[in-house]
Each structure stands twice: as structure tokens, then as C-alpha cells.
């Protein structure tokens, strides 16, 4: 862990900095709320009046476990408020966190920095004294250096406004914990003053012993995309092995279990199934590969194109498996599609594999009913052509095939006997390897999952007392 700056001569550091958070989407709202809970005065800023009104009224505009309670705590403390006024933010804050989205460009795989640049210009043009702007958005390498020049050109304070980068590592569904108790903090800085100011801004977290990496701006920009690329690669690796298992009759779940005991590999993210989605991993690996090509090092990360390709193939292969289970055609087949969010404990449907599968099924003539505990409203708004159920029971009623596409606990806990009384046929495709296959099969279900044999096999082993024992696999 890096030590604090020494007693070298530095500009004044705000030991209890007033903070603004620019952008109150998933990242920004979570960060603003949690920093206020930690005891700082925080001003959330957004151009979307609807978001500002909702947050001011104590309503989180998205689903994230534990965050509504933290919002109420922060508002009740008087330390958190929200505004659309950039002038107030510029004159009030000591540390400004930039939490604006960087979606994939419509024209290419590059990250679209339009919103980042607009927000920075709006803010910096209103800063007239020494302040630190801290980028948290995921951006291509080299962005911070370019934006530093932009900030200092438009700010009346000129070079007294510095830019640092502090990448976020939030997991949807665990964002509160990941903000208040992160596994590490990364400070990308260009001066000792910026480091000292960031230490003051995060002192409650650092005081708890959180590891800190202090580095240059390019390294800080690279950390997030490098981490996401590694995780995406691990997910796609086991799904590539699932394709091999399907061709050979091997069982990908047993393969993953065997691999996980190797301490060099581990079991996290070694989970076969439908693959990854959401607003981070897919667009981040594409933007990373695009930027690497711009920098002349495209071959170094060329494997990310195949990582992306493997992930996309899982969606079409899931449709293939559902068609196979249905008897070779999907025309008129009633499918209960369980899940719409890209992952459980979230209402985020960005690049959601579950909805891609539902749309492909419907395109082949299937009668699809989608149910998700939290993401139905978002799914209906984006894909009104699909049909939606109001409950799990409603979704599976008279279904010919049940397809588990997002591994919500509600679906994991569902009773196969109860579901069996509702469906037309006891056939289930487990797109997430989340169900108890033995339990479903014992209760009369045809159970299928990518990378697993259609029928369970037995392995003949010798027990300790020399009697032959048949162990199901």
C-alpha cells in the first residue's frame, strides 16, 4: 500500500471536502448516497429533472438491494441533496466526482464520450477556485490526459483545477457493499496534491484498511477495462468448454468443479450457462479492443473478439436447445421465459441475454411469456412486442417448455412438483445451471442444460467395503 504524501509543500487540502457527484444514474446515485452515509456533505447533479425529483423524494430510480434504505438515511442526515444547477455545483464543491455514462458508439465499438465531455465542460466552466475533478466513468486509455487540457482551458481557475481518475468496481446487486467496503481503491493522479485530496475524500474507507493503489492516469484508466476483460474471458472460457462438452458427451458442470480446485484458477466466474450481459462487460471489452487497435496494439487483445463471439453464441445455442427439447420446431410452442434482467438482483436489461433469447424464440413462432421479479417494466418499455406474465405461476401456466434465463432466487427455490401441476409438459431448459437437475428429473421433468448430457449417467466405483456403488453424475 502506498504511503501518504510527505510534508512536501502542497496547495491547501480540504480535509473534509464538500463533494458533488455529476450524473445520478446507477453509479452516480449509489456513490452520492454512500458518501453522504460516510459523513460527507454531498450534492448530486443531473440534467434529468425526473431523476432529481425522485431522489429528492427518497425514491431510487432503479432496483438495487439496500440502496433505498441508505438514501433515506442520507436524506434524513441533511448531508445529501440534489440539483440540476451546475453553477451551484461548481462554486460549492471541493471534490467533483464524474459518474456519467460511456455507452457504446452507434457507429463503432468505441466508447461514446459525448456525455462525459458535455458534463465536464458544463462543470469546469463554473469552477473559479482550486478543486479536484475525479473521473469514475469507464473511459479509453488517454482520455484523462485529453480531458485535463479541456478542463483547464474552460475553467476560470485554469491549472488550479486538476483531474484524477478513480475507477469504480461495482457489482449490480452488491453496489452498496462495494462502495462502502471495496476490495481496493485505485487513485490515478498527476500530482501529490491530487493524491492528498483523494485520501481526504476516502479517509473513512482507507481507515478501515482498504488496499490502495496510487498510480498514473493511464494505469487507472486501464484497471477497469482490464478487470472486466479478464472476467469476461473466464466466463467465455468455461462456455467454450461447454461447447466441447456438448460435442463429446462430457459434463461441463463437473469439469468446472474439477478446475475450481486448482488454486491458480479458482471457481469464481467459472460458471457455465447463457453468458454475460449488462451495461459494462460487453461494451467495455469492445471499446478496449477498439482502443487497442487505435494504439497499434490490436493483436495483443485480439482474443477479446472471440470472447465476445463465444458469449453471443450462447444465446443462439440456448434457442437451439429449446427448439430441440420442443421437438424440432418452435412454431406454436408455448415457452415460459423466466428472467429479463441481465443478472439477478437487478432491473438492468442492457444487453440482457434473457431478452435476446426471448426475442429469438418469438421470431421463430414460439408463444413466449416473460416473467422477471424486478425488470418487467423496463423490459416492457424496450420490447413491447413480447408478452409478459405477472408472476412465476402465470408464466409457466400451460407452458410446453420452461426456460430459466436469469437465475433469480425465486426461480431456484421453485418447487418442481408445484410447477408440474401448472405446465402442459414437464420440460425445462436451465440456461444458468441454477436448478437442482436431480430433483427435477426425479419429479418427472425432462431437464436440459448447455454442456450437460441429455440423460444422467452413472459411474461405477469401488466403495471402502469393496461393494460396487453406482453414483449418479
| What is the packing order of peptides 250-259, 164-173, taking the mean over residues of other C-beta atoms within 10 Å and listing the highest first? | 164-173, 250-259
| query | If you take the square roots of the eigenvalues of the alpha-carbon gyration tensor of segment 23-131 and sort them as a ≥ b ≥ c, do you get rounded (a/c under 1.5), prolate (a/b over b/c) or oblate? | reply | oblate
| message | Nearest 5 percent is fine: what portion of the DSSP beta bridges confined to the chain is antiparallel? | response | 15 percent
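In segment 188-237, what is the volume of the convex hull around the alpha carbon atoms, normalised per residue and reported in Å³?
Per-residue hull volume (Cα only) is 84 Å³.
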| task | Provide the descending list of Cα extents for segment 314-448 along its principal axes, expressed in whole angstroms. | result | 38, 30, 25
| task | Enter the angle in degrees (range 0 to 90, nearest 10) between the Cα long axis of helix 281-294 and the first principal axis of the Cα atoms of the chain, meaning the one along which they spread out most. | result | 60 degrees
| task | Give the whole-number value, in cubic angstrom per residue, of the convex hull volume spanned by the C-alpha atoms of segment 148-215. | result | 105 Å³
| remark: For segment 131-262, the convex hull over Cα atoms projects on average to an area in nm² of 10.8 nm²
| field | With 10 Å bins from 0: P(r) over the chain, alpha-carbon pairs, percent | value | 4, 18, 26, 23, 16, 9, 3, 1, 0
| note | So the angle from the long Cα axis of helix 217-248 to the longest Cα principal axis of the chain, reported in degrees to the nearest 10, equals 0 degrees
| In µm²/s, what is D for segment 347-412 at 10 °C and 1.306 mPa s, where D = kT/(6 pi eta Rh) by Stokes-Einstein and Rh is the Kirkwood radius from Cα pairs? | 131 µm²/s
| said: Can you give me the distance in nm between label points at residue 203 and residue 269, each placed 7 Å from the Cα along the Cα-to-Cβ direction? | reply: 3.5 nm
| Equivalent ellipsoid, segment 19-215 (semi-axes from 5 times Cα gyration tensor eigenvalues, Å) | 23, 19, 18
| message | Quick check of the Kirkwood formula: for segment 226-309, what is the inverse mean of 1/r over all pairs of different Cα atoms, in Å? | response | 13.7 Å
| Order of 116, 402, 225, 154 - criterion: other Cβ atoms within 10 Å of each residue's Cβ, fewest first | 154, 116, 225, 402
| message | If you restrict to DSSP beta bridges whose two residues both lie in segment 19-215, what percentage is antiparallel, to the nearest 5? | response | 5 percent
| query | In whole Å, what is the distance between the alpha-carbon centres of segment 23-46 and segment 193-210? | reply | 17 Å
| field | Orientation-averaged projected area, Cα convex hull of segment 273-375 (nm²) | value | 7.1 nm²
| remark: Quick P(r) readout (segment 318-362; Cα-Cα; 10 Å bins; whole %) gives 28, 48, 21, 2
| task | Run through every distinct alpha carbon pair of segment 122-180 and return the Kirkwood hydrodynamic radius in angstroms, one decimal place. | result | 12.7 Å
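Quote the FRET efficiency, to the nearest 0.05, computed for residue 254 versus residue 439 with a Förster distance R0 of 22 Å and r equal to the Cβ-Cβ distance.
Working from the Cβ atoms, E equals 0.80.
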| said: If I fit a long axis through the Cα atoms of helix 303-325 and take the longest principal axis of the Cα atoms of the chain, what angle between them do I get, 0 to 90°, rounded to 10? | reply: 30 degrees
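If you take the beta carbon distance between residue 297 and residue 364 as r and set R0 to 60 Å, what does 1/(1 + (r/R0)^6) give as a FRET efficiency, to the nearest 0.05?
So, using R0 = 60 Å, E works out to roughly 0.90.
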| message | Quick check: Cα centre of segment 354-375 to Cα centre of segment 420-457, how many Å? | response | 19 Å
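Values quoted throughout were computed directly from the atomic coordinates according to the rules given, and no laboratory measurement underlies them. Computed from a predicted structure; not experimentally measured. Heads up, the Cβs are rebuilt from the backbone with ideal geometry, glycines too, and the neighbour counts pull from every protein chain shown.
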